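All remarks here apply to the structure that follows.
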Amino acid sequence: MFVLPLYDVLILPGVNIYVKISEFEEFALRPPELDGECVMLTAQERKPRYAYQPEDFFEIGVHGVITDISDEGFVTIRSDARVTVSNIKVFEDGTMTLDYRALMDIDDVPEGERVARLSHMKQVLLDFTKQFDWAAKVEPMIDGFETIEEAGVSLSPYLTARNEDRYNILTYDSRRGRMEAMEQIIYEFIEVAKASAEAMESQQWEYDQSMKEQALRRQIDVLQRELDEMHPENSSDLDAFAKKIETLPMNDLAKAEARKILRRLRQENGGGNEYALLYDYMEYLLSLPWEKTEAKDVDVAKAEAILNEDHYGLKKVKDRVIQQLAVMALKKRQAGSILLFVGAPGTGKTSVGQSIARALDRECVRVSLGGVRDEADIRGHRRTYIGAMAGRIIDGIHKVGVANPVMVLDEVDKLSASYNGDPASALLEVLDPEQNANFVDHYLNVPYDLSDVFFVCTANSTDTIPAPLLNRMEVIEFSGYTMNDKLAIAKGHLLKKALETNGLEEGDLVIPEDTLRAVIEDYTMESGVRGLRKRIDALCRYAAVKLAKGEKAPFEVTPADLHDWLDMQPVLHDHVLKTAYPGVVTGLAWTQYGGDILYIETLLTKGSGKLLLTGKLGEVMKESAYIAMSLVKALYPEQSDLFKDNDLHIHVPDGAVPKDGPSAGIALTTAIASLVLKKGIDPTIAMTGEVSLRGAVTAIGGLQEKLMAAGRAGIKTVLIPKDNMRDLDDIDKAIYADLEIVPVESIKDVLKLVNLSENDNG
């Protein structure tokens, strides 16, 4: 590949560029080759080839192919595309290497308009040359122009335009923009050459008026600058931009980009579409908070008080947040580890993030990522697209106006990939403290420092978060609230806020403790308190209607009133079965709404030994069912013949609710054993645990929620993996005070506890 540095010439795609063989060899350092690839660069100043450095070239060049080497001593290069160049390397002998990437052109000039403009330009040039003796020599060349681009390149050596002006034509993505810029340079040259002559006649009076307008605008600009110097308060927007560029603490790349855009703005027609796009970009870029703020002293005691004031319970969460703030205080840093709050809806994940912002006395911005499936939502759109805008991260910072906000990225587990890219992958750079100091939003196209942003992410589950992204965050679990927790939250936070929201005074509505308990137990089914807040709001609205009708407060709500006041039926919670059935076992499940009991139902039917699974079971739970069947065959060899002549059907109600996970392993095994031995299992015994093929019972998650569900359903005894016993230290004892917790190590322990030992032949 030939690298051809050129100076003070116009190069454009789609035209033939002619270079003398001697000049080509001087510029390229070797003889031309037919069909050889060329990258033509525009140099900022003329230098010998060996003296050029990478910074001496503009970032946009033109790619072409050598199509002819004539006997007259010329090399013909057919240019085919604009390219952006990078990684330019200049060696001691003057040879150069580089990387390039093609740029997209926008063909926004209809064919009819293109032909009319070319015809007009040819006529103007012919009329202009008639006054010179050499007119007859150039008339064939002018008549031979097939495009305005060809005319511009051919006339380039004779024009008085500056090198920067020639290069700026190349920077337009729009063909209309390039065409208008070339016309302006050519017509201005003709006007200068005809200094004292009358204005040239034109076939397009309207276009002549436009050229006059451009000349008048230039005069106005000169006068405007003089006026601005006399009255700085009346300076134009562009001058204000120029001052901001020099005063804002932007990085070097951002300043360079801003200056480039400002030059283009000064050259554009103020009424054009391109001008509006460039103006919006400049305004957005300069309104971003570029100034780094010094890290403030963090008052850990104050932060702890704020967290306790805003949230009840969540001791482990608060302790971890305080640890983070303490480290930031000691190291004088604006941000620390990326925190990921994981828990059921309504457990306070987002509000804890807001409390952190209040504790640090910093702005808080929430960015919802639920349902985002376009990478551009994170990184922004390139400015070549119509309606381009910055991504949600940069836009959030732009809205709050500070470089060090607390940014809460909500629902990171709800991101999804599509043909538009993977937003989760784009977050890898955002949430990496080693990389985000130079985060590049595609709309800005310059680095922006995110290292001072305190990121807090929230999710309901980590299952759908890609491992590389999860690895960048520190997971903090939000456990579900107990009855006492919900009661305290309702009395201390929710009720007060609901009264204020619905226009009631304190004392207008009285909700006794037994009524609140009834609301929690009978009208909600969740780990968090979001549903509880909605129910309390509904009670307040009912009271507001009474008050608006003229009834006298206070209004007291009793448990018996709830059905009418809430206008809904109580939530149906599963309760323990009253009768033991062979093949039916009570299991425990974790859902995003909290814990629940799970019935495993089994049945043998005449068949050929198939295993039928129903109840919308996930892949992991299906595998647990196969393991359970194999274990029962091994533990009860005398009953194994039953599986040859019969099909085993396993069903887990409710059939429409998806279920997955390995924690039903021991319940599945016990249910099948109960079926083949024809012995019922005490329904007040519930169990949870994963089982391996060798019969070992391994640990599970969501123990607190499962124990809460067991207590609510009337379970008396709960079998849990022995490895989970240590988790009881982190669970409020009130949750399992009425439960007998029995640890198990193997499936034999489970079967023995329910009177189904492997030696029992039924």
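Of note:
- Residues of the range 144-167 classified as in contact with a helix residue (DSSP H, G or I) (Cβ under 7 Å, 6 or more places away or on another chain) and surrounded by fewer than 18 Cβ atoms within 10 Å (Cβ to Cβ), total: 3
- Residue match in the range 368-388 (condition: over 17 Å from the mean Cα position of the chain (by Cα) and farther than 30 Å from Tyr172 by Cβ): no
- Residue match in the range 412-427 (condition: closer than 24 Å to Leu314 by Cα and touching a helix residue (DSSP H, G or I) at 6+ places or on another chain (Cβ under 8 Å)): yes
- Test: Ala424 is part of a helix (DSSP H, G or I), outside the structural domain of Ala335 (by TED's automatic domain parsing) and either of a type in the set (A, V, I, L, M) or within 30 Å of Gln334 (Cβ to Cβ) (or both): no
- Residues of the range 458-512 classified as assigned by TED's automatic domain parsing to the domain that holds Thr350, of a type in the set (Gly, Ala, Ser) and loosely packed, with under 14 Cβ neighbours inside 10 Å, total: 2
- Counting only helices (runs of 4 or more DSSP H) that sit completely within the range 321-400, those holding 3 or more residues that are surrounded by fewer than 20 Cβ atoms within 10 Å (Cβ to Cβ) correspond to 349-360, 392-400.
- Number of positions in the range 50-95 that are under 38 Å from the mean Cα position of the chain (by Cα) and not aromatic (Phe, Trp, Tyr): 18
- Counting only helices (runs of 4 or more DSSP H) that sit completely within the range 600-715, those holding 1 or more residues that are modelled with pLDDT of 90 or more and over 37 Å from the mean Cα position of the chain (by Cα) correspond to 619-635, 665-677.
- The residue pairs whose first member lies in the range 509-538 and is in contact (Cβ under 8 Å) with a residue 12 or more places away in the chain and within 18 Å of Ile735 (Cα to Cα), whose second member is among the aromatic types (Phe, Trp, Tyr) and buried (at least 20 other Cβ atoms within 10 Å of the Cβ), and whose beta carbons are closer than 8 Å, counting only pairs six or more residues apart or on different chains, are Ser527/Tyr481; Gly528/Tyr481; Val529/Tyr481.
- Options Val109, Val85, Val124, Val115; residue that is without any contact (Cβ under 8 Å) to a residue 12 or more places away in the chain and either touching a Lys or Arg at 6+ places or on another chain (Cβ under 7 Å) or closer than 24 Å to Arg178 by Cα (or both): Val115
- Against the numbered list (1) modelled with pLDDT of 90 or more; (2) basic (Lys, Arg); (3) closer than 16 Å to Thr147 by Cβ, Arg101 comes up short only at (3).
- Those helices (runs of 4 or more DSSP H) lying entirely in the range 114-179 with at least 1 residues under 26 Å from Leu277 (Cα atoms): 148-155, 163-170
- Verdict on Asp68 being surrounded by 13 or more Cβ atoms within 10 Å (Cβ to Cβ), farther than 13 Å from Met96 by Cβ, among the acidic types (Asp, Glu) and touching a helix residue (DSSP H, G or I) at 6+ places or on another chain (Cβ under 9 Å): no
- Unmet criterion (only one of (1) closer than 13 Å to Val39 by Cβ; (2) surrounded by 17 or more Cβ atoms within 10 Å (Cβ to Cβ)) for Phe128: (1)
- Test: residue in the range 568-584 that is farther than 19 Å from Ser663 by Cα, in a helix (DSSP H, G or I) and of a type in the set (A, V, I, L, M, F, W, C): no
- Some residue of the range 515-528 being surrounded by fewer than 19 Cβ atoms within 10 Å (Cβ to Cβ), out of contact with any Gly (no Cβ under 6 Å at 6 or more places or on another chain) and either assigned by TED's automatic domain parsing to the domain that holds Ile715 or at pLDDT 90 or above (or both): no
- Tally of residues being closer than 30 Å to Asp319 by Cβ and either touching a Lys or Arg at 6+ places or on another chain (Cβ under 7 Å) or not in a loop (DSSP other than H, G, I, E, B) (or both) across the range 436-481: 20
- Residue match in the range 428-440 (condition: buried (at least 21 other Cβ atoms within 10 Å of the Cβ) and in contact with a Cys (Cβ under 7 Å, 6 or more places away or on another chain)): no
- Here Gly615 fulfils each of the conditions (1) closer than 17 Å to Asp596 by Cα; (2) in contact with a Ser or Thr (Cβ under 8 Å, 6 or more places away or on another chain) apart from (2).
- Qualifying residues in the range 604-640 (those that are among the basic types (Lys, Arg) and free of Cβ contacts under 8 Å to residues at least 24 places away in the same chain) - the one surrounded by the fewest Cβ atoms within 10 Å (Cβ to Cβ): Lys622
The values are calculated or read from the model by the stated rules, or taken from the named source; none is laboratory data. Since the structure is predicted, the reported quantities are computational estimates derived from the model, not experimental observations. With ideal geometry, Cβ positions are generated from the backbone for all residues, glycine too; neighbour counts draw on all protein chains shown.
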